[in-house]
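Remarks on the structure that follows.
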Amino acid sequence: QVQLVESGGGLVQAGDALRLSCAASGRTFSLYAMAWFRQAPGNDRVFVATIGGNGGTDYAGSVKGRFTISRDNAKHTVYLQMNSLKPEDTAVYYCAARLTYTSYAENDYYYWGQGTQVTVSS
């Protein structure tokens, strides 16, 4: 069982930066692929970024070049550095985990955090 706790959300202005953190419980964190998803009001939850245990990353087109996902296996933590934020980035951001390979698909992830709100004002 893996428990995930997100932090770092808040209210920022367009163009600002924010870093989200996701702390994971468990002793085999390095074996898990980690991902960030987000859900805007009235919309489905969508993929944002993913990172494998070996550090390989991938991003949704809407955030590529602005967001960076990283992980610290010693701290059991995954991060999402968000730069040049836009009002359309406003959403609840969720951390997710699955064993082995990365995936873009929400249904492939077994474990989820409770979410952290990011609001970007124009």
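Only protein heavy atoms count here; under a 1.4 Å probe, Asp72 has an accessible surface of about 50 Å². Considering only Ala17, Ala35, Ala49, the mean-square fluctuation computed in a Gaussian network model of the chain, springs between alpha carbons under 10 angstrom, is largest for Ala17.
Sparsely packed loop sites in the range 1-101 (the chymotrypsin sites (Phe, Trp or Tyr not before Pro) outside DSSP H, G, I, E and B with at most 12 other Cβ atoms within 10 Å) comprise Tyr101. With every protein chain present, what accessible area does Ser62 have (1.4 Å probe, heavy atoms only), rounded to the nearest 10 Å²? That residue has around 70 Å² of solvent-accessible surface.
Rank these residues by their accessible area, most exposed first, probe 1.4 Å: Lys64, Lys86.
Values: Lys64 125, Lys86 80 Å².
Result, largest first: Lys64, Lys86.
So how do Arg38, Arg27 rank on accessible area, 1.4 Å probe, biggest first, that is with the largest at the start? Please report the intermediate quantities before stating the final value.
Values: Arg38 30, Arg27 230 Å².
Putting Arg38, Arg27 in descending order of accessible area: Arg27, Arg38.
Assuming charge only on the beta carbon of Lys and Arg (+1) and of Asp and Glu (-1), the dipole of the chain about its Cα centre is about 240 debye to the nearest 20. Since only Leu4, Leu31, Tyr104 are under comparison, the one whose Cα sits farthest along the positive direction of the charge dipole of the chain, derived from C-beta charges on Lys, Arg, Asp and Glu, is Leu31. For the chain, the share of alpha carbon pairs falling in successive 5 Å distance bins from zero is 2, 13, 24, 27, 19, 10, 4, 1, 0 percent. Which of Ala24, Ala105, Ala33 moves most in a GNM of the chain, Cα contacts under 10 Å? The residue that fluctuates most here is Ala105. For the chain, the relative contact order works out to 37 percent when only alpha carbon pairs closer than 8 Å and six or more residues apart are counted.
The values are calculated or read from the model by the stated rules, or taken from the named source; none is laboratory data. Remember, it's a predicted structure, so these values are computed and weren't measured experimentally. Don't worry about glycine lacking a Cβ; one is built from the backbone with ideal geometry, like all the others, and counts go over all protein chains shown. Surface accessibility is based on the protein's heavy atoms, side chains included, excluding ligands, DNA and RNA. Shrake-Rupley method; radii C 1.70, N 1.55, O 1.52, S 1.80 Å.
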